[in-house]
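Trainee: Please find one structure pasted underneath; my questions will follow.
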Number of protein chains: 2
Amino acid sequence: MLIVGGTGGTGSWFASYFKDHGFLVSVWGPSGRVEVAERLGVRFASDLMGEVSESDIVLLSVPIKETARVVEKIAPWMKPGSLLMDVTSLKSEPMRAMLRWAPEGVEILGTHPMFGPTIPHIRGQTVILVPAEGRCDAWLSPMEEIFRKDGARVEVLGAEEHDHIMAVVQALTHFAYISIGSALESLDFDVAHSRRFMSPVYEIMIDFVGRILAQSPELYASIQENPEAKRVREVYIEECKRLAMLADAGDLAGFQEAMKSAADHFQGTEEALARSDKLISLWIDNREGGRRG
Amino acid sequence: MLIVGGTGGTGSWFASYFKDHGFLVSVWGPSGRVEVAERLGVRFASDLMGEVSESDIVLLSVPIKETARVVEKIAPWMKPGSLLMDVTSLKSEPMRAMLRWAPEGVEILGTHPMFGPTIPHIRGQTVILVPAEGRCDAWLSPMEEIFRKDGARVEVLGAEEHDHIMAVVQALTHFAYISIGSALESLDFDVAHSRRFMSPVYEIMIDFVGRILAQSPELYASIQENPEAKRVREVYIEECKRLAMLADAGDLAGFQEAMKSAADHFQGTEEALARSDKLISLWIDNREGGRRG
């Protein structure tokens with residue numbers, strides 16, 4: 001297995017992962033960081049195109065905006081019966097590129113690991129697989145099996161549906177959190193001081209804001225490029241404005257009505273309350289346990 | 001100790017809490033729900049004004065918008081040396097009302113418990129105390145002591161500073177989450193289905209949206225009445241619009257720049273990442289442990 005971009009964070013993670021599962025892994029990265037390969041205990045693919053034409057699996061772990069260009073360069077040289085995978089957060093565009101440039105006998109499996117390289121284990125994490133229709137018969141099952149055996153949740157989806165769901169699950173989630181980070185800056189709000197006055201809901205939210213701001217701005221910016229994210233952001237801002245207008249006008253009844261209506265649509269709010277109570281308890285037990293220790 | 005509004009969720013919680021700490025508690029509620037008092041094992045104060053004039057502590061647990069009216073009715077009848085407390089989420093206005101209506105010899109302690117009545121224990125929770133200047137000498141220490149002994153974090157603040165911090169810690173946090181709930185409704189997004197494709201960040205966020213929507217719309221609406229919340233909402237919406245404009249225009253460099261700038265202001269993003277990694281691990285262990293069991 002060749003991992004293109006295997007010297008980066010996500011690429012390295014997958015290099016270790018597949019090596020631990022018995023694959024003969026080699027990595028290539030544009031920076032030529034041979035020391036990363038050495039640290040991972042895998043081979044650095046000095047002859048990139050030679051390796052492409054000999055590998056059973058080529059896994060692309062490159063930024064979304066470079067994916068199409070890398071696919072165009074690499075996919076045509078893959079051998080029949082081999083598998084081309086990517087691990088980007090959007091699927092429509094990478095799938096189009098892979099379908100366009102991979103020769104007919106090459107199988108194509110779009111992949112979206114819903115986690116970053118800081119996770120300790122894949123157990124309980126979600127992996128979304130987007131097999132190319134009629135072009136992923138041999139490789140889909142074994143790949144599913146590997147992730148499932150390790151306790152990951154594997155979901156198989158079409159590329160369009162994937163991007164539709166991710167426009168909310170990732171793009172809106174991140175957008176709301178990043179906007180909070182920007183608002184804290186604009187308000188010149190003292191985040192460190194505010195920690196003394198935290199409710200657990202704020203504590204966890206503010207850590208998620210920090211979590212996202214700590215990670216690759218390139219990745220988070222590219223997730224906002226989701227073809228449906230623009231509309232989702234627009235709707236979100238409209239709802240913010242509508243709720244703000246109700247609150248500004250002191251129309252508490254209208255604000256409450258909007259909350260009730262959102263709760264009706266959401267469904268399962270009681271289960272969400274129970275789950276978040278449980279989460280908050282776990283969090284407090286962990287924090288206070290650590291303090292006593 | 002008399003708890004006015006002691007038959008409601010928060011009032012009942014404090015009735016049990018102080019009863020367990022050896023106080024002789026009686027409760028009164030406008031609905032006259034004597035059965036709540038019976039369930040709690042405390043007395044129902046049928047003669048409200050008689051009890052007011054005899055109690056060492058009167059604790060008000062009524063909706064914010066009714067606080068001033070209730071204070072006006074009750075505070076003038078309290079006896080010298082007694083303590084008047086409220087447990088509302090805003091402090092400037094209730095403090096003004098208590099200072100205006102309580103006789104001189106009555107001590108005043110604004111209180112903001114940063115938790116709801118669903119918590120199993122006060123350990124690790126935050127309680128903010130706002131003592132009236134020069135009018136809370138006898139009661140502040142014993143009250144602090146009770147909460148601290150149980151492992152709560154007690155913070156002492158001025159009323160204005162309290163409301164300033166809460167405009168972000170509570171009002172902005174809730175506002176962003178409620179707006180997400182409204183956006184999900186407006187997009188007709190299938191929340192239950194989306195759970196199959198969750199990252200832990202989304203999973204926890206969506207449970208917090210559900211958590212807030214499950215609770216009292218009256219409470220959440222009144223928190224938006226914070227005197228500084230209007231400006232905070234405005235700034236938040238401005239930042240949402242600015243980031244959306246960058247993303248809409250495909251200005252990924254500008255979007256990344258905004259993220260970096262917010263990260264610089266935030267500080268401690270790496271610690272936030274580490275803490276949220278830990279939280280996510282705890283959450284996954286709990287979920288997957290439960291599944292195996």
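A short reminder: the numbers here are calculations on the coordinates, not readings from a lab. A quick note: this is a predicted structure, and the numbers were derived from the prediction, not measured. Here the Cβ is made from the backbone with ideal geometry for all residues, glycine too, and neighbour counts use every protein chain on show.
Trainee: From Cα pairs below 8 angstrom and at least 6 apart in sequence, can you work out the relative contact order of region B:162-292, rounded to a whole percent?
Mentor: 32 percent
Trainee: Please check: in the Gaussian network model of chain A (C-alpha springs, under 10 Å), which one of A:G254, A:G81, A:G210 has the largest mean-square fluctuation.
Mentor: Ranking A:G254, A:G81, A:G210 by mean-square fluctuation puts A:G254 first.
Trainee: Of all beta bridges DSSP finds with both residues in region A:2-157, what is the antiparallel percent, to the nearest 5?
Mentor: So the antiparallel bridges amount to about 20 percent of the total.
Trainee: Please find, in a Gaussian network model of chain B (springs between Cα atoms separated by less than 10 Å), the residue of B:E107, B:E257, B:E51 whose mean-square fluctuation is greatest.
Mentor: Comparing B:E107, B:E257, B:E51 in the GNM, the peak value goes to B:E257.
Trainee: Grab the beta carbon distance between B:R39 and A:L24, set R0 = 51 Å, and tell me the FRET efficiency rounded to 0.05.
Mentor: Computed FRET efficiency for B:R39 and A:L24: 0.15.
Trainee: If you rank A:M78, B:M49 by fewest surrounding Cβ atoms within 10 Å, what's the result? All intermediate terms of the calculation are to be shown ahead of the outcome.
Mentor: Numbers: A:M78 24, B:M49 12.
With the fewest neighbours first, A:M78, B:M49 line up as B:M49, A:M78.
Trainee: Can you tell me the FRET efficiency between B:E161 and A:R100 if r is taken as the Cβ-Cβ distance and R0 is 56 Å, rounded to the nearest 0.05?
Mentor: Numbers: r = 60 Å, r/R0 = 1.07.
Result of the calculation: an efficiency of 0.40.
Trainee: Under the convention of a label 7 Å out along Cα→Cβ, give the distances in nm from B:P30 to the same position in every other copy, shortest first.
Mentor: Computed spacing set for this position: 6.6 nm.
Trainee: Hey, got the Cα dimensions of the protein assembly as shown along the principal axes, in Å, largest first?
Mentor: So the three principal-axis extents are 91, 46, 39 Å.
Trainee: Would you kindly state how much longer the chain becomes between B:S141 and B:M245 on full extension, computed as 0.36 nm times their sequence separation minus their alpha carbon distance, in nm to one decimal?
Mentor: On the way: separation 104, 0.36 × 104 = 37.44 nm, distance 5.19 nm.
That works out to 32.2 nm of additional length.
Trainee: Treating cross-link reach as a plain straight distance, find the lysines whose alpha-carbon is under 17 Å from the alpha-carbon of B:K278, omitting any fewer than eight places away in the same chain.
Mentor: A:K278
Trainee: In whole percent, what relative contact order does chain B give with Cα contacts below 8 Å and a gap of six or more residues? Mind showing how you got there, number by number?
Mentor: On the way: 375 pairs, mean separation 32.4, N = 293.
Worked out over chain B, it gives 11 percent.
Trainee: Nm distances between the label at B:P63 and the same-position labels in the remaining copies, 7 Å along Cα→Cβ, shortest first?
Mentor: B:P63 label point versus its equivalents elsewhere: 5.2 nm.
Trainee: Something else: Which value does Rg/Rh take for region A:214-293 over its C-alpha atoms, Rh per Kirkwood?
Mentor: Ratio of gyration radius to Kirkwood radius for region A:214-293: 1.13.
Trainee: What is the packing order of peptides A:123-135, B:28-40, taking the mean over residues of other C-beta atoms within 10 Å and listing the highest first? Mind showing how you got there, number by number?
Mentor: Values: A:123-135: 19.3, B:28-40: 15.9.
Answer by packing, highest mean first, reads A:123-135, B:28-40.
Trainee: Suppose only helical runs count, i.e. DSSP H with n ≥ 4. What mean residue ellipticity at 222 nm does that imply for chain B under -39500 (n - 2.57) per run, divided by all residues and rounded to the nearest 500 deg cm²/dmol?
Mentor: Helix-only estimate at 222 nm: -17500 deg cm²/dmol.
Trainee: Turning to a different aspect of this structure: Please check: in the Gaussian network model of chain A (C-alpha springs, under 10 Å), which one of A:K19, A:K260, A:K73 has the largest mean-square fluctuation.
Mentor: Looking only at A:K19, A:K260, A:K73, the largest GNM fluctuation is found for A:K260.
Trainee: Right, something else. Here is the link list: A:K65/B:K241; A:K65/A:K91; A:K241/B:K91; B:K91/B:K230. Which ones come out longer than 19 Å on Cα distance?
Mentor: With Cα atoms farther than 19 Å apart: A:K65/B:K241; A:K241/B:K91.
Trainee: Quick check: net charge around A:A167, other residues with Cβ under 10 Å of its Cβ, Lys/Arg +1 and Asp/Glu -1?
Mentor: After counting each charged neighbour, the total is +1.
Trainee: If you take each beta carbon of peptide A:118-129 and count the beta carbons of other chains within 10 angstrom, what is the mean?
Mentor: Working: counts 5, 5, 5, 4, 0, 5, 11, 5, 8, 0, 2, 0.
That average works out to 4.
Trainee: Tell me which lysines have Cα within less than 18 Å of B:K149's Cα, excluding those fewer than 8 residues away on the same chain?
Mentor: Of all the lysines, those that pass the test against B:K149 - Cα under 18 Å, at least 8 places apart if same chain - are B:K19.
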